[in-house]
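Student: Please see the structure below; I have some questions.
What follows is calculated from the coordinates using simple rules that are stated; it is not laboratory data. Source: prediction; values computed, not measured. Counting neighbours? That spans all protein chains shown, and the Cβs are built from the backbone with ideal geometry, glycine included.
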Amino acid sequence: MENKTRTIKVWEVELLSPPPAVRHCKKCGKKTEFLSSGLFRINAQRKYLDIWLIYKCSNCQTTWNLPIFSRISPKSLDPELLDKFHNNDITLAKQYALDFDLLRRNGAAIGSYDYRVTGDSFFNGPVELHIRSIGSAHLKVSAVLRKKLNLSRKELEEKISDGRIQSKTGQDIMRCRMTDEIVLIVL
Ligand SMILES: [Zn+2]
């Protein structure tokens, strides 16, 4: 039976800074953390553009360029977007630096990063908990829950197996990762 009086709570998950891209640094001779410089590099070759986001090794400052567009016709790009690349738009640079899939596709692993979860974590009675992700952080939902509710892995597993925390859409809470929004039922 649907409980119409269930309280809705909203948490928002936000990365405090873009994650480091972990990759081999030729100069350091080992895997290091590369950090986004927030600057784009644009190369025009004949009729095509290449656009990268510039990363720097946190140890030796060697640069690595994260490909964003390769051999793209400038005509196919929104002029406003192209302007943003030329002006090193902060929001746009952050958006690409938070694109975990883009980083992984280009051979980088995701380093450790800090994030915050805002919203009320004191529940009184059954709650429909909407966890929203700002940006595209692919955090594990279980990590977000443990951080915010201050639970050990074992304590969280117990709450899930007891049915005190359920996914509204039937996802495996211990395994699934954040999307734009995930809805849980907390009893
Ligand atoms: Zn290096």
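Student: For segment 41-55, what does the Karplus curve 6.51 cos²θ - 1.76 cosθ + 1.60, with θ = phi - 60°, yield as ³J(HN,Hα) per residue in whole Hz, taken in order and with x for Gly and Pro?
Tutor: Residue by residue, segment 41-55 yields 10, 10, 10, 9, 10, 6, 8, 10, 10, 10, 10, 10, 9, 8, 10 Hz.
Student: In what sequence do TYR55, TYR96 fall when counting other Cβ within 10 Å, fewest first?
Tutor: TYR96, TYR55
Student: Would you look at the GNM of the chain, springs on alpha carbons closer than 10 Å, and say which of GLU14, GLU158, GLU80 moves the most?
Tutor: Answer for the Gaussian network model of the chain: GLU80.
Student: Under the rule of at least 5 residues apart or a separate chain, name every residue whose amide H is placed under 5 Å from the amide H of VAL10.
Tutor: For VAL10, whose amide H was placed from the backbone, the distant partners under 5 Å are ASP120, HIS130.
Student: For LYS147, which lysines qualify as cross-link partners when the Cα separation must be under 17 Å and same-chain residues fewer than eight apart are set aside?
Tutor: Cross-link targets: LYS9, LYS159.
Student: Right, next: What is the chain by shape, rounded, prolate or oblate, if you read a ≥ b ≥ c off the alpha carbon gyration tensor as root eigenvalues and call it rounded for a/c under 1.5, prolate for a/b larger than b/c, and oblate otherwise?
Tutor: prolate
Student: What is the local net charge at ASP50, summed over the other residues whose Cβ is closer than 14 Å to its Cβ (Lys, Arg +1; Asp, Glu -1)?
Tutor: +4
Student: OK, next. Let me check against my output: what whole-number percent is the relative contact order of segment 21-110, with C-alpha pairs under 8 Å and at least 6 apart?
Tutor: Reported relative contact order: 27 percent.
Student: While we're here: Under 5 Å between amide H atoms, partner at least 5 residues away or on a different chain: which partners does SER37 have, H built in plane at 1.01 Å?
Tutor: ILE54, TYR55, LYS56
Student: Distance between Cα centroids, segment 96-123 to segment 36-80: provide it in whole Å.
Tutor: 22 Å
Student: By count of other Cβ within 10 Å, fewest leading, how are PHE122, PHE85 ordered?
Tutor: Least crowded to most crowded, the residues run PHE122, PHE85.
Student: Here's another thing I want to ask about it. What number, rounded to the nearest 500 deg cm²/dmol, is the helix-based mean residue ellipticity at 222 nm of the chain, given -39500 (n - 2.57) per DSSP H run of at least four residues and division by all its residues?
Tutor: -5500 deg cm²/dmol
Student: On to the next question. To the nearest 20 debye, what is the magnitude of the charge dipole of the chain about its Cα centre, counting +1 on the Cβ of each Lys and Arg and -1 on the Cβ of each Asp and Glu?
Tutor: Rounded to the nearest 20 debye, it is 800 debye.
Student: Would any residue of segment 95-123 have its amide N under 17 Å from a label point 7 Å out along Cα→Cβ of ASP50? List them or say none.
Tutor: Flagged as within label range: 106-107.
Student: Moving to a separate point now. Please turn the phi angles of segment 24-34 into ³J(HN,Hα) values with the Karplus equation 6.51 cos²θ - 1.76 cosθ + 1.60 (θ = phi - 60°), one per residue in order, whole Hz, x for glycine and proline.
Tutor: So the Karplus estimates, Gly and Pro as x, are 6, 9, 4, 5, 6, x, 7, 6, 9, 9, 9 Hz.
Student: What list of ³J(HN,Hα) values in whole Hz, one per residue of segment 77-87 in order, does the Karplus curve 6.51 cos²θ - 1.76 cosθ + 1.60 (θ = phi - 60°) give from phi, with Gly and Pro shown as x?
Tutor: 9, 4, x, 5, 5, 4, 4, 4, 4, 5, 9
Student: Next up: Per 0.36 nm of contour for each residue apart, how much would the distance between ASN87 and ASP180 grow if the chain were fully extended, relative to their Cα-Cα spacing?
Tutor: Length difference between fully extended and current span is 30.7 nm.
Student: In which sequence would LEU149, LEU98 go, from the one with the fewest C-beta neighbours within 10 Å to the one with the most?
Tutor: So the residues, fewest neighbours to most, are LEU149, LEU98.
Student: If I take every Cα pair under 8 Å that is 6 or more residues apart in the chain, average their sequence separation and divide by the length, what percent do I get for the relative contact order?
Tutor: 26 percent
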